[in-house]
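Chemist: Below is a structure I'd like to ask you about.
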Amino acid sequence: MFLLTIIMITTVRERRLIVWKPLFQNPIASQQWKNMCFLHWPVPYDIIRPQVPSPFKLETYNGYAWVTIVFFCVQHTKLRGMSKKLHYPPFLQMNIRTYIQFYEEPSVYFLSIKTDRKLAAWFVRTFFRFPIYPASIHQQQLTNKHFYEIKREAKPSCHLALGFYPTDDTFDAADRPLSKWLMERYAFYFRSEKKIVKGRVRHEPWRMQTANAEVGPSDITTAPIAFTVPNKQAYLYPLQTIGLFSDG
């Protein structure tokens, strides 16, 4: 039998929030993230706030909310205890995220996730109410330059092309205030109806390179702050319902 540790119960303006301590503390799977590119833009707070549900607090840096697009290839996905010879086939992924705080924990909120694995996207979206959708994603590498292109015709539709290459500027994210604020986050939250769901990842602190990036189509006129990471070993924890929230 499991015993829930209630952390907080609040009621404000007919909105009721109950939060409890997660039960499971061990990762259940591991992955390798390859050829990662992070594209960061400052965005006015009022544009992003309606897309982040209560009770999550939208965080700002220098007066702006931030939106990040992440492209990467996922390899060697396997459950804990599985043989190294057995793993899920590689797949490509694009995340669009912003930055929140919940119960004083700096975290990530995913606005959208796209993957080239239709079955995986359907399963997670259907059973966890997570905003993940299938899309056509292609990757190519020419010497030290990487290219990604994503297309999805069905709603929510998207078309984005990216070309990037690393510079000689290699650094630890924790050594620079903005990169630390953007990168050193190891939890994400979302709402599945009234449930508050938490996910966690674990990996070594971020060491990265600045990148020169070209993003299309042509209506994207503001250049992003771009970072690239060639390889990252990550450990995934199970999604856990850690609270309930009622809008009244």
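Chemist: Are any residues in the stretch 194-204 under 14 Å from S30 (Cα atoms) and surrounded by fewer than 17 Cβ atoms within 10 Å (Cβ to Cβ), and if so, which ones?
Modeler: R202, H203, E204
Chemist: Give me the residue from the stretch 168-227 that is in a helix (DSSP H, G or I) and not small (G, A, S) and, out of that set, nearest to T68 (Cα to Cα).
Modeler: L182
Chemist: Looking at R191, R207, R185, which is the one that is under 29 Å from I28 (Cβ atoms) and at pLDDT below 95?
Modeler: On inspection, the qualifying residue turns out to be R191.
Chemist: If you check R129, R97, which single one turns out to be touching a Ser or Thr at 6+ places or on another chain (Cβ under 8 Å) and at positive phi?
Modeler: Working: R97 fails: at positive phi.
Every option except R129 fails the conditions.
Chemist: Can you name the residue in the stretch 83-97 that is within 29 Å of K151 (Cβ to Cβ) and not in a strand (DSSP E or B) and is also modelled with the lowest pLDDT among such residues?
Modeler: Among those that are within 29 Å of K151 (Cβ to Cβ) and not in a strand (DSSP E or B), it is H87.
Chemist: Also, quick follow-up: Regarding the stretch 206-224, can at least one residue be identified that is under 25 Å from S54 (Cβ atoms) and of a type in the set (D, E, K, R)?
Modeler: No, there is no match, as no residue in the stretch 206-224 is under 25 Å from S54 (Cβ atoms) and of a type in the set (D, E, K, R).
Chemist: Right, something else. Suppose the filter is among the small types (G, A, S) and surrounded by fewer than 19 Cβ atoms within 10 Å (Cβ to Cβ); does A120 pass it?
Modeler: Taking the combined requirement at face value, the residue satisfies it.
Chemist: Pull up the stretch 98-119, narrow it to residues that are free of Cβ contacts under 8 Å to residues at least 40 places away in the same chain and part of a strand (DSSP E or B), then point me to the one that is nearest to G63 (Cα to Cα).
Modeler: Result: I113.
Chemist: Got at least one residue in the stretch 117-128 being charged (D, E, K, R), under 18 Å from the mean Cα position of the chain (by Cα) and more than 15 Å from V215 (Cα to Cα)?
Modeler: Checked the stretch 117-128: at least one residue is charged (D, E, K, R), under 18 Å from the mean Cα position of the chain (by Cα) and more than 15 Å from V215 (Cα to Cα).
Chemist: Here is a check on your reading of the model: is I69 closer than 24 Å to A161 by Cβ, in contact with a Ser or Thr (Cβ under 8 Å, 6 or more places away or on another chain) and of a type in the set (V, I, T)? Outline the logic, then answer.
Modeler: Working: closer than 24 Å to A161 by Cβ: yes; in contact with a Ser or Thr (Cβ under 8 Å, 6 or more places away or on another chain): no; of a type in the set (V, I, T): yes.
No, not satisfied.
The rows are residues; the columns are (1) within 21 Å of E104 (Cβ to Cβ); (2) in contact (Cβ under 8 Å) with a residue 24 or more places away in the chain; (3) of a type outside the set (D, E, K, R); (4) out of contact with any Gly (no Cβ under 7 Å at 6 or more places or on another chain).
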position: S179; (1), (2), (3), (4): no, yes, yes, yes
position: Y186; (1), (2), (3), (4): yes, no, yes, yes
position: K194; (1), (2), (3), (4): no, yes, no, yes
position: P205; (1), (2), (3), (4): yes, yes, yes, yes
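The values are calculated or read from the model by the stated rules, or taken from the named source; none is laboratory data. No experiment lies behind these values; they were computed from the predicted model shown. Cβ: placed from backbone, ideal geometry, glycine included. Neighbour counts: every protein chain shown.
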